[in-house]
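The values are calculated or read from the model by the stated rules, or taken from the named source; none is laboratory data. For clarity, every value in this text was computed on a predicted model and none was experimentally measured. Because the Cβ atoms are built from the backbone with ideal geometry, glycine has one as well, and the counts that use them run over all protein chains shown.
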């Protein structure tokens, strides 16, 4: 995972509530367990006029011109703006991989599905919960201004619009530290490697029979 740094990114709005994970990455693309290569299939059924399958050259597929990701003004977007309950449906982690592979670094919505919300943090994607009235304001400003950008500062837990309006967002200290330092769950655990080794050494000294039993079991 890369360390999450402050950035100023183009906003892409998808004005829908209850966007589920099957829409984000349809089921036929779940055959791979690699975390890369899903970006071209993001929102596949909304984005393309034909049926997508793994291995297709998406650069040659017919596009649906009215879908936001296909519009020139939103190319290079790093912030996705959506409505309530983003990421509902099945718990597939591929949905987060697809969004991150495409280039999104943050998603702003009034609410998120719990499992998607958790998966996002585990993969370096920042889900920002904003009040409904703030989200409404952002949709309006985005529609009125081509190339609309927002500045996202995780360290300050703040999002700022071009006009200077800003709003804060909540995040747990552990999730914040993990994103800022680019640590996944394994990396965060390994921060305590010395303490873990010391604990195991002390336990082995206090209960040596456990290690003897384990050794004899493995030998047998």
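Every residue, every condition in (1) over 30 Å from residue 104 (Cβ atoms); (2) in the same structural domain as residue 112 (by TED's automatic domain parsing); (3) in a helix (DSSP H, G or I); (4) at pLDDT 70 or above, yes or no:
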{"residue": "140", "(1), (2), (3), (4)": "no, yes, yes, yes"}
{"residue": "143", "(1), (2), (3), (4)": "no, yes, yes, yes"}
{"residue": "150", "(1), (2), (3), (4)": "no, yes, no, yes"}
{"residue": "203", "(1), (2), (3), (4)": "yes, no, yes, yes"}
{"residue": "217", "(1), (2), (3), (4)": "yes, no, yes, no"}
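How many residues does region 106-131 hold that are free of Cβ contacts under 8 Å to residues at least 12 places away in the same chain and more than 10 Å from the chain's Cα centre (by Cα)? Total meeting the criteria: 1. Criterion first (over 15 Å from residue 169 (Cα atoms) and part of a loop (DSSP other than H, G, I, E, B)) does residue 91 satisfy it? Considered against the rule, which asks whether it is over 15 Å from residue 169 (Cα atoms) and part of a loop (DSSP other than H, G, I, E, B), residue 91 comes out as yes. Of all residues in region 5-37, those satisfying the criterion of being in a loop (DSSP other than H, G, I, E, B) and modelled with pLDDT of 95 or more are 5, 6, 14, 15, 16, 17, 18, 19, 25, 26.
With the condition kept exactly as written, say whether any residue in region 152-170 is in contact with a helix residue (DSSP H, G or I) (Cβ under 7 Å, 6 or more places away or on another chain) and within 16 Å of residue 17 (Cβ to Cβ). Within region 152-170, none of the residues are in contact with a helix residue (DSSP H, G or I) (Cβ under 7 Å, 6 or more places away or on another chain) and within 16 Å of residue 17 (Cβ to Cβ).
I'd like the full set of residues that are without any contact (Cβ under 8 Å) to a residue 24 or more places away in the chain and part of a helix (DSSP H, G or I), limited to region 48-83. Matches in region 48-83: 58, 59, 60, 70, 72. Given the condition closer than 20 Å to residue 12 by Cβ, assigned by TED's automatic domain parsing to the domain that holds residue 126 and either surrounded by 13 or more Cβ atoms within 10 Å (Cβ to Cβ) or at pLDDT below 95 (or both), answer yes or no: does some residue in region 167-190 qualify? Yes, because at least one residue in region 167-190 is closer than 20 Å to residue 12 by Cβ, assigned by TED's automatic domain parsing to the domain that holds residue 126 and either surrounded by 13 or more Cβ atoms within 10 Å (Cβ to Cβ) or at pLDDT below 95 (or both).
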